[in-house]
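Data first, discussion second: the structure below is written as structure tokens.
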Amino acid sequence: MTALFGTPDIAIGMKERVSRVRLFDGPLDLSWRHCATTSDFIADLFALRFQSSRNDYREMRHSIGYLTNELVENAVKFRAPGEVVIEASMDSDCFKLKVSNDVDAENASQFQSLLADITAGDPADLLIQRIESNAANPDAGGSGLGLLTLMSDYSAQLAWIFSSADESDRICLETYASIPISQAHN
């Protein structure tokens with residue numbers, strides 16, 4: 001079983017020179033603090049090429065950090081026990097990110113339902129609808145606001161591939177993202 005949601009052409013193309021970070025599940029247990037630390041590291045690393053302009057550096061660092069943090073937080077929050085692998089690359093046009101982790105079948109099904117909703121329309125319109133819906137029902141979770149914000153405000157292209165993992169009750173989830181570099185420092 002393989003299912004694709006989002007922009008198909010970004011789901012391939014992580015063949016460039018890639019930096020890889022693995023977050024292992026272990027005695028320290030993966031938690032929220034690992035998301036922010038990892039995101040800051042990746043943002044610092046890839047924004048360095050823009051250090052000649054303080055504004056460009058700050059904007060790129062922010063955009064890369066926000067994108068990475070959102071996707072790594074989702075992976076840590078919804079993963080089945082095990083590692084999270086983050087791969088990142090940058091060329092002259094865009095920053096690309098791939099986050100891989102396993103999820104259980106129930107989380108995969110719920111996430112696929114959310115993705116079917118948030119990839120079906122204009123991200124800016126859907127973002128406003130979700131904000132209004134969350135305001136009316138503050139206890140509702142899993143609204144996709146972070147993903148919609150990435151698509152609407154950061155011009156992120158996103159894709160998700162769900163495929164069978166080695167274990168029968170697990171699904172391998174690969175999340176791909178691409179943000180334009182020119183967008184980050186217009």
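Among the residues of region 97-107, write down those that are surrounded by fewer than 21 Cβ atoms within 10 Å (Cβ to Cβ) and not acidic (Asp, Glu). Don't jump to the end; show me each part of the working.
At the first step, the residues of region 97-107 found to be surrounded by fewer than 21 Cβ atoms within 10 Å (Cβ to Cβ) are 100, 104-107.
Correct list: Ser100, Ala105, Asn107.
Determine which single condition Ile128 fails, assuming it passes every other condition in (1) of a type outside the set (Lys, Arg); (2) loosely packed, with under 15 Cβ neighbours inside 10 Å; (3) modelled with pLDDT of 90 or more; (4) in contact with a helix residue (DSSP H, G or I) (Cβ under 8 Å, 6 or more places away or on another chain).
Of everything listed in (1) of a type outside the set (Lys, Arg); (2) loosely packed, with under 15 Cβ neighbours inside 10 Å; (3) modelled with pLDDT of 90 or more; (4) in contact with a helix residue (DSSP H, G or I) (Cβ under 8 Å, 6 or more places away or on another chain), Ile128 misses just condition (4).
Here's the yes/no breakdown for (1) touching a residue at least 60 places away in the same chain (Cβ under 8 Å); (2) within 27 Å of Leu114 (Cβ to Cβ); (3) in contact with a Leu (Cβ under 8 Å, 6 or more places away or on another chain):
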position	(1), (2), (3)
Phe41	no, no, no
Phe46	no, no, no
Asn69	no, yes, no
Ala75	yes, yes, yes
Ala80	yes, yes, no
Met90	yes, no, no
Lys96	yes, yes, no
Ser100	yes, yes, yes
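Quick one: would you say Ser31 is within 17 Å of Ser178 (Cα to Cα), touching a residue at least 12 places away in the same chain (Cβ under 8 Å) and within 18 Å of the chain's Cα centre (by Cα)? Full working, then the answer.
On the way: within 17 Å of Ser178 (Cα to Cα): no; touching a residue at least 12 places away in the same chain (Cβ under 8 Å): yes; within 18 Å of the chain's Cα centre (by Cα): yes.
For Ser31, the condition - within 17 Å of Ser178 (Cα to Cα), touching a residue at least 12 places away in the same chain (Cβ under 8 Å) and within 18 Å of the chain's Cα centre (by Cα) - is not met.
On the given criteria, is Phe41 over 15 Å from the mean Cα position of the chain (by Cα), under 22 Å from Ser92 (Cβ atoms) and surrounded by 15 or more Cβ atoms within 10 Å (Cβ to Cβ)?
Numbers: over 15 Å from the mean Cα position of the chain (by Cα): yes; under 22 Å from Ser92 (Cβ atoms): no; surrounded by 15 or more Cβ atoms within 10 Å (Cβ to Cβ): yes.
The answer is no for Phe41.
Only strands (runs of 3 or more DSSP E) wholly contained in region 94-186 count here; list those with 2 or more residues that are in contact with an Asp or Glu (Cβ under 6 Å, 6 or more places away or on another chain) and within 20 Å of Asp9 (Cβ to Cβ).
94-104
Quick check on this structure: which one of Glu70, Glu87, Glu59 is within 17 Å of Thr175 (Cβ to Cβ), part of a helix (DSSP H, G or I), among the acidic types (Asp, Glu) and at pLDDT 90 or above?
Details: Glu87 fails: part of a helix (DSSP H, G or I); Glu59 fails: within 17 Å of Thr175 (Cβ to Cβ).
Result: Glu70 is the single residue among Glu70, Glu87, Glu59 that is within 17 Å of Thr175 (Cβ to Cβ), part of a helix (DSSP H, G or I), among the acidic types (Asp, Glu) and at pLDDT 90 or above.
When residues of region 23-48 are filtered for being of a type outside the set (Val, Ile, Thr) and modelled with pLDDT of 90 or more, how many remain? Can you show your working first?
Initially, region 23-48 is screened for residues of a type outside the set (Val, Ile, Thr), giving 23-36, 39-41, 43-48.
Filter once more, so that each one left must be modelled with pLDDT of 90 or more: 39-41, 43-48.
Selection size over region 23-48: 9.
Only one of these is out of contact with any Phe, Trp or Tyr (no Cβ under 6 Å at 6 or more places or on another chain), at pLDDT 95 or above and either more than 22 Å from Gly144 (Cβ to Cβ) or not aromatic (Phe, Trp, Tyr) (or both): Val99, Val76, Val18. Name it. I'd like the intermediate steps shown before the answer.
Working: Val76 fails: at pLDDT 95 or above; Val18 fails: at pLDDT 95 or above.
None of the other options fit; the residue is Val99.
Just checking, which of Glu83, Glu59 is acidic (Asp, Glu) and over 23 Å from Ser164 (Cβ atoms)? It would help to see each step written out before you state the result.
Details: Glu83 fails: over 23 Å from Ser164 (Cβ atoms).
Criteria check complete, one pass: Glu59.
Scan region 44-56 residue by residue and report those that are of a type outside the set (A, V, I, L, M), surrounded by fewer than 22 Cβ atoms within 10 Å (Cβ to Cβ) and assigned to a helix (DSSP H, G or I).
The initial filter retains those residues of region 44-56 that are of a type outside the set (A, V, I, L, M), namely 44, 46, 49-56.
Pick out the ones that are also surrounded by fewer than 22 Cβ atoms within 10 Å (Cβ to Cβ) and you get 44, 49-56.
Matches in region 44-56: Asp44, Arg49, Phe50, Arg54, Asn55, Asp56.
The values are calculated or read from the model by the stated rules, or taken from the named source; none is laboratory data. Predicted, not measured: the structure shown is a model, and the values here were computed from it. Note that each Cβ is placed from the backbone with ideal geometry, even for glycine, and that neighbours are counted across all protein chains shown.
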